[in-house]
Amino acid sequence: MTIPKISESLYGEQDNIMHFFPPAPTHIDQVSIAAGTNTVYTIPAGAVYVILSAPAIDYYVRVDAAAVVPAAGITDGTGSLANPSQFNVRGVTSLGFISASEMYVTIAVYA
């Protein structure tokens, strides 16, 4: 299966606002996350963007490193991003996922 190119996306205009509609994904992965355990997702070769979706449970992501559920303030740049919806993954090799609860994240991958 090939990864769709994000450049093949459709643009639509409504009420003078430009809306972005990615093509239907053909490469979709699901990452299962055990409660409190970092799970590493390896970015597929050729991927440029990922769109993430998950149930209404907080999860955290860190690029090319282990994610952590914050228990206190982190001010040295090593924190994890809460509930992101998309990433440009050029030059990224992996995403670290973690949640305080057992869950899964769905990842649509685009070239």
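When each of ILE98, ILE43 is tested for being touching a residue at least 24 places away in the same chain (Cβ under 8 Å), β-branched (Val, Ile, Thr) and in contact with a Phe, Trp or Tyr (Cβ under 6 Å, 6 or more places away or on another chain), the lone residue that passes is ILE98. Select from region 95-111 the residues that are more than 10 Å from the chain's Cα centre (by Cα), modelled with pLDDT of 95 or more and not acidic (Asp, Glu) and list them in ascending order. Those that are more than 10 Å from the chain's Cα centre (by Cα), modelled with pLDDT of 95 or more and not acidic (Asp, Glu): ILE98, SER99, ALA100, SER101, MET103, TYR104. Suppose the filter is modelled with pLDDT under 95, within 13 Å of the chain's Cα centre (by Cα) and either small (Gly, Ala, Ser) or surrounded by 12 or more Cβ atoms within 10 Å (Cβ to Cβ) (or both); does VAL31 pass it? No, not satisfied. Looking only at residues of region 24-76 that are of a type in the set (S, T, N, Q) and assigned to a loop (DSSP other than H, G, I, E, B), we find that the one that is nearest to ASN88 (Cα to Cα) is THR26.
If I ask for residues that are in contact (Cβ under 8 Å) with a residue 24 or more places away in the chain, in a strand (DSSP E or B) and exposed (fewer than 15 other Cβ atoms within 10 Å of the Cβ), which ones from region 77-93 would you list? Can you show your working first?
In the first step, residues of region 77-93 are kept if they are in contact (Cβ under 8 Å) with a residue 24 or more places away in the chain; the result is 82-90, 92-93.
Restricting the remaining residues to those that are in a strand (DSSP E or B) gives 82, 86-88.
Within region 77-93, ALA82, GLN86, ASN88 meet the criteria.
The number of residues in region 34-62 that are surrounded by fewer than 17 Cβ atoms within 10 Å (Cβ to Cβ), at pLDDT 95 or above and within 14 Å of the chain's Cα centre (by Cα) comes to 5.
The values are calculated or read from the model by the stated rules, or taken from the named source; none is laboratory data. Please read these numbers as outputs of a predicted model, since none were measured by experiment. Positions of Cβ are generated from backbone atoms using ideal geometry, with glycine treated the same way; all protein chains shown enter the neighbour counts.
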